[in-house]
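One structure below.
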Amino acid sequence: MEKGINYWHAMSDPALLEIIGKFIQQTRLQQNKTQQQVATAAGVNRSTLVQIENGGSVTMLSLVQILRALGQLQLFQNFEVKQPQLSPLQVAKLEQNKRQKASRKKENLTEKSKSDW
């Protein structure tokens, strides 16, 4: 059964970190890799891997490195910003509105105030 969006919103941050840690631990065990093997492949300390597997917080960089070492970067597909599909007519209109030339800078037309010096 897939969990709904309200389920994820209702969870506390530490509970989410615990889920991430369990996912990393289970993935590592399914691949029959030790913590040291994954940590070495990820370029992080073993203690960092232990910390995340126990539901602790780590840097985003460490998380990415660990997921890369486990071959799980596809998890980031949901973060990809997708461009809306445009019809050929919309593309043509956008091309028409593209700037063709740079405008000339207008000179400063305000007069300089005279000083009392």
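Since every read-out is calculated from the coordinates, none of them should be taken as a lab result. What you are looking at is a predicted structure, and each value in this text was computed from that prediction instead of being measured. Virtual Cβ from ideal backbone geometry, glycine too; neighbours counted across all protein chains shown.
What is region 1-47 by shape, rounded, prolate or oblate, if you read a ≥ b ≥ c off the alpha carbon gyration tensor as root eigenvalues and call it rounded for a/c under 1.5, prolate for a/b larger than b/c, and oblate otherwise?
Prolate is the answer for region 1-47, as a/c is 1.5 or above and a/b outweighs b/c.
Top mean-square fluctuation among Ser103, Ser87, Ser57, Gaussian network model of the chain, C-alpha springs under 10 Å?
Ser103
Quick one: Glu18, Glu95, fewest Cβ neighbours within 10 Å first, how do they rank?
By the 10 Å Cβ count, ascending, the order reads Glu95, Glu18.
Which whole DSSP H helices in the chain pass both tests: a Cα extent of 18 Å or more along the axis and a mean Kyte-Doolittle value no lower than 0.0?
13-30
Can you give the local net charge around Gly55? Use residues other than it whose beta-carbon is closer than 13 angstrom to its beta-carbon, Lys and Arg +1, Asp and Glu -1. Numbers along the way, then the final one.
Details: positive: Lys22; negative: Asp13, Glu18, Glu53.
Net charge in that neighbourhood comes out at -2.
For the chain, how many pairs of lysine residues have a Cα-Cα distance under 24 Å, where the two are 8 or more positions apart or belong to different chains?
Final tally of qualifying lysine pairs is 7.
State, in angstrom, two size descriptors of the chain derived from its alpha carbons: Rg to one decimal place and Dmax to the nearest whole number.
26.7, 84
Lys/Arg Cβ at +1, Asp/Glu Cβ at -1, dipole of region 5-75 taken about the Cα centre: which of Thr48, Ala69, Val58 is farthest positive-ward?
Ala69
Treating only the Cβ atoms of Lys and Arg (+1) and Asp and Glu (-1) as charged, compute the dipole magnitude of the chain about its Cα centre; round to the nearest 20 debye.
700 debye
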